[in-house]
Amino acid sequence: MELRGQLSSCLFCAILLAAIPFSAVASVSIDVLGPQDQEIELACRSTGWFPSPEVHWVTKNGQDLQPVTKTEQDHELLFSVLSHVTILGEETGEISCVIQNSLLKTEQKSVILLSGEKNLDFSTNSKEYSCE
């Protein structure tokens with residue numbers, strides 16, 4: 001009888017551990033939230049991470065930007081991130097949102113290309129936008 005109880009406990013623990021992901025990596029997307037005066041606000045979104053990921057925004061020159069990032073964990077113990085950054089209107093070139101899984105030492109990123117055209121043009125579905 002004692003052995004059965006121990007086996008049941010071990011089986012329950014094994015099933016519980018199998019249900020918890022040890023690490024997960026998900027896709028990343030960038031949205032343009034629109035111009036504000038001479039600035040552009042960008043949002044980076046991703047869901048399905050474990051453990052809680054690190055988020056970095058980087059310019060084409062390798063300069064780190066200072067985002068505002070919110071991380072939430074769902075009922076399946078996976079993390080979602082939403083990160084906002086404001087870009088000055090004269091900033092052109094590639095802006096990258098990089099999300100890293102520290103456990104797996106892997107990353108996913110999304111890149112948006114800002115060009116120095118006169119007006120904002122959001123009429124395309126591509127990740128290339130024109131801004132002043």
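The values are calculated or read from the model by the stated rules, or taken from the named source; none is laboratory data. Everything quoted here is computed from the prediction, not taken from an experiment. Note: ideal-geometry Cβ built from the backbone for every residue, glycine included; neighbour counts use all protein chains shown.
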*Scanning for something surrounded by fewer than 18 Cβ atoms within 10 Å (Cβ to Cβ) and at pLDDT below 80, does the stretch 57-69 turn up at least one residue?*
no
Please determine whether any residue of the stretch 16-26 is among the polar types (S, T, N, Q), modelled with pLDDT under 90 and surrounded by fewer than 17 Cβ atoms within 10 Å (Cβ to Cβ). yes
Considering residues that are in a strand (DSSP E or B), surrounded by fewer than 14 Cβ atoms within 10 Å (Cβ to Cβ) and modelled with pLDDT of 50 or more, the number found within the stretch 108-132 is 1
Here the residues within the stretch 70-107 that are of a type in the set (Gly, Ala, Ser), touching a Lys or Arg at 6+ places or on another chain (Cβ under 7 Å) and either crowded, with 16+ Cβ neighbours inside 10 Å or part of a loop (DSSP other than H, G, I, E, B) (or both) are SER96
